[in-house]
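The values are calculated or read from the model by the stated rules, or taken from the named source; none is laboratory data. Remember, it's a predicted structure, so these values are computed and weren't measured experimentally. All Cβ positions, even for glycine, are placed from backbone atoms using ideal geometry, and neighbour counts span all protein chains on display. Accessible surface areas use protein heavy atoms only, side chains included; no ligands, DNA or RNA. Shrake-Rupley method; radii C 1.70, N 1.55, O 1.52, S 1.80 Å.
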Amino acid sequence: MNNNKILNIFNKKSVSSPPIWFLRQAGRHIPEYFSIRDQSKNFIDFCLNTDLIVQSTKLPLKYYNIDAAIVFSDILMIPWAMNRNVKFIKGLGPVMDPMIPNETEILSNIDIKKLLKPLDQALKILRPSIPKDISLIGFAGAPWTLACYMIEGKSTKDFLLTRKAAWSSNNWFNKLIDTLIDYVVDILEMQANAGADVLMIFDSWSHMIPSFFWKDFGIDPTKKIINNLRKKNILTPIIGFPFKAGSSLISYSYESGVDCLALDWTVDLKWAIENINPNIIIQGNLDPACLIDNNNNLDKSVKLILDIMKNKRHIFNVGHGLTPECKIENIKKVIDIVKNYNN
Ligand code: CP3
């Protein structure tokens with residue numbers, strides 16, 4: 001019998017309780033993470049070191065009875081490969097050389113697979129070395145979110161330069177999005193072929209897309225990525241995460257082609273059940289902030305999610321990444337409640 005709960009959900013088989021894993025489960029909330037990270041001279045080198053990728057991907061499995069491991073990398077490895085001089089600065093987050101719309105050349109002939117060979121090798125080591133019932137998840141950033149970082153050079157309040165480029169630099173901006181589509185296809189294909197059972201596309205800044213452009217930059221790039229993968233016979237299930245997209249989640253759920261929609265913590269699951277495409281799986285959506293301090297609402301909020309999603313195809317997760325302040329005991333408590341729940 002196949003006990004891989006996440007794949008069973010995708011294959012429409014029944015599961016006793018929903019599968020569970022956590023966004024950013026391999027990060028700074030686990031003290032051992034630092035001893036792995038500090039073996040490399042910077043974060044990019046960390047993401048290019050096969051052995052360290054393997055160790056950090058496996059780290060949360062030592063602590064938690066979870067149903068997936070997400071490979072350790074970063075969505076900004078594509079801008080890094082495109083020579084944007086990506087750096088991660090303590091306290092500030094990622095920075096890179098900003099692209100000037102209509103001026104900066106868009107490098108479209110980069111061999112991303114070659115540059116990210118350590119990621120490919122790590123997945124090839126990971127898949128046979130983790131239990132079969134645990135899914136291995138590969139990922140990439142969505143083109144809009146990557147373009148946001150590449151044009152602004154960092155996170156900004158309202159991504160005005162990127163929105164301006166979308167309105168007024170059509171040819172250049174469309175070329176950037178199309179180039180990013182190709183690179184995302186390349187690295188997702190590589191990860192699926194190397195052993196990833198599930199792929200996830202993070203559109204962390206989707207809530208910055210003007211509604212006028214939702215279809216062009218929120219839905220269509222993901223749709224093209226998925227169509228291209230399917231044409232290459234990559235049939236791996238895909239989770240889409242258009243972060244805080246609000247009412248635009250509805251059209252995304254029907255049109256993007258994702259198999260599963262990851263919901264952020266602001267989404268009311270009852271609303272989701274009434275409005276989201278009923279043929280796709282829902283992942284989410286506990287607020288990671290409730291895992292920081294002890295609070296009386298933790299049990300209640302986990303059970304509420306379980307009750308609303310009972311008998312539906314659901315993967316339990318947080319509605320955005322775990323933060324460094326999240327407590328291991330609180331995460332273990334959530335896992336216990338979910339594993340002991342009878343669907
Ligand atoms: O555990 C995992 O989820 C696996 C690895 C993973 C990382 N980044 C490692 C990482 C994944 C899936 C990502 C995705 C990612 N990276 C996203 C999409 C998800 C989201 O959070 O919206 C985004 C926007 C990024 C860009 C990025 N990388 C930022 C903004 C930062 C700095 C601040 C932060 O959120 O931690 C990073 C650095 C980063 N990527 C860290 C980790 C573990 C922290 C590095 C450190 O300080 O040690």
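Summary table
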{"quantity": "Per-region count, segment 149-158, residues open to solvent by less than 40 Å² (accessible area, probe 1.4 Å) and near the ligand (Cβ under 9 Å from one of its atoms)", "calculated": "1"}
{"quantity": "Residues (among the small types (Gly, Ala, Ser) and touching a helix residue (DSSP H, G or I) at 6+ places or on another chain (Cβ under 6 Å)) located in segment 28-47", "calculated": "SER40"}
{"quantity": "Which numbered condition ALA26 misses (of (1) within 11 Å of the ligand (Cβ to nearest atom); (2) open to solvent by less than 40 Å² (accessible area, probe 1.4 Å); (3) in contact (Cβ under 8 Å) with a residue 60 or more places away in the chain)", "calculated": "(3)"}
{"quantity": "So PHE241, is it more than 23 Å from TRP265 (Cα to Cα) and either aliphatic (A, V, I, L, M) or touching a residue at least 24 places away in the same chain (Cβ under 8 Å) (or both)", "calculated": "no"}
{"quantity": "Filtered residues of segment 290-333 (kept if part of a loop (DSSP other than H, G, I, E, B) and among the polar types (S, T, N, Q))", "calculated": "ASN294, ASN295, ASN296, ASN311, THR323"}
{"quantity": "Residue count for segment 169-185, restricted to those that are at pLDDT 95 or above and either open to solvent by 20 Å² or more (accessible area, probe 1.4 Å) or within 16 Å of the ligand (Cβ to nearest atom) (or both)", "calculated": "9"}
{"quantity": "Options ILE70, ILE53; residue that is open to solvent by 10 Å² or more (accessible area, probe 1.4 Å) and near the ligand (Cβ under 10 Å from one of its atoms)", "calculated": "ILE70"}
{"quantity": "Given (1) of a type in the set (Phe, Trp, Tyr); (2) more than 19 Å from TYR64 (Cα to Cα); (3) away from the ligand (no atom under 16 Å from the Cβ), index of the condition TYR341 fails", "calculated": "(2)"}
{"quantity": "So ILE335, is it touching a helix residue (DSSP H, G or I) at 6+ places or on another chain (Cβ under 9 Å) and of a type in the set (A, V, I, L, M, F, W, C)", "calculated": "no"}
{"quantity": "Output for segment 178-191, where each listed residue is over 15 Å from the mean Cα position of the chain (by Cα) and over 12 Å from LEU107 (Cα atoms)", "calculated": "ILE181, ASP186, GLU189, MET190"}
{"quantity": "Residues of segment 76-128 satisfying the condition of being without any contact (Cβ under 8 Å) to a residue 60 or more places away in the chain, open to solvent by less than 60 Å² (accessible area, probe 1.4 Å) and either more than 16 Å from the ligand (Cβ to nearest atom) or assigned to a loop (DSSP other than H, G, I, E, B) (or both)", "calculated": "VAL86, MET96, THR104"}
{"quantity": "Any chance LEU286 is within 19 Å of the chain's Cα centre (by Cα) and under 27 Å from GLU329 (Cα atoms)", "calculated": "yes"}
{"quantity": "Residue in segment 280-289 that is open to solvent by 50 Å² or more (accessible area, probe 1.4 Å), outside any strand (DSSP E or B) and among the aliphatic types (A, V, I, L, M) present", "calculated": "yes"}
{"quantity": "Candidates LEU235, LEU199, LEU188 - the one that is more than 16 Å from the ligand (Cβ to nearest atom) and either closer than 21 Å to ARG127 by Cα or not in a strand (DSSP E or B) (or both)", "calculated": "LEU235"}
{"quantity": "Flag for ASN8 being under 25 Å from GLY153 (Cα atoms) and more than 10 Å from the ligand (Cβ to nearest atom)", "calculated": "no"}
{"quantity": "Any hit, segment 1-21, residues being in a loop (DSSP other than H, G, I, E, B) and in contact with a His (Cβ under 8 Å, 6 or more places away or on another chain)", "calculated": "yes"}
{"quantity": "Any chance TRP167 is farther than 28 Å from ASP259 by Cβ and assigned to a helix (DSSP H, G or I)", "calculated": "yes"}
{"quantity": "Residue list for segment 188-223, filter: among the β-branched types (Val, Ile, Thr), in contact (Cβ under 8 Å) with a residue 40 or more places away in the chain and open to solvent by less than 10 Å² (accessible area, probe 1.4 Å)", "calculated": "VAL198, ILE201, THR222"}
{"quantity": "Top-ranked residue of segment 29-45 - restricted to ones that are near the ligand (Cβ under 10 Å from one of its atoms) and without any contact (Cβ under 8 Å) to a residue 12 or more places away in the chain, ranked as most open to solvent (accessible area, probe 1.4 Å)", "calculated": "ASP38"}
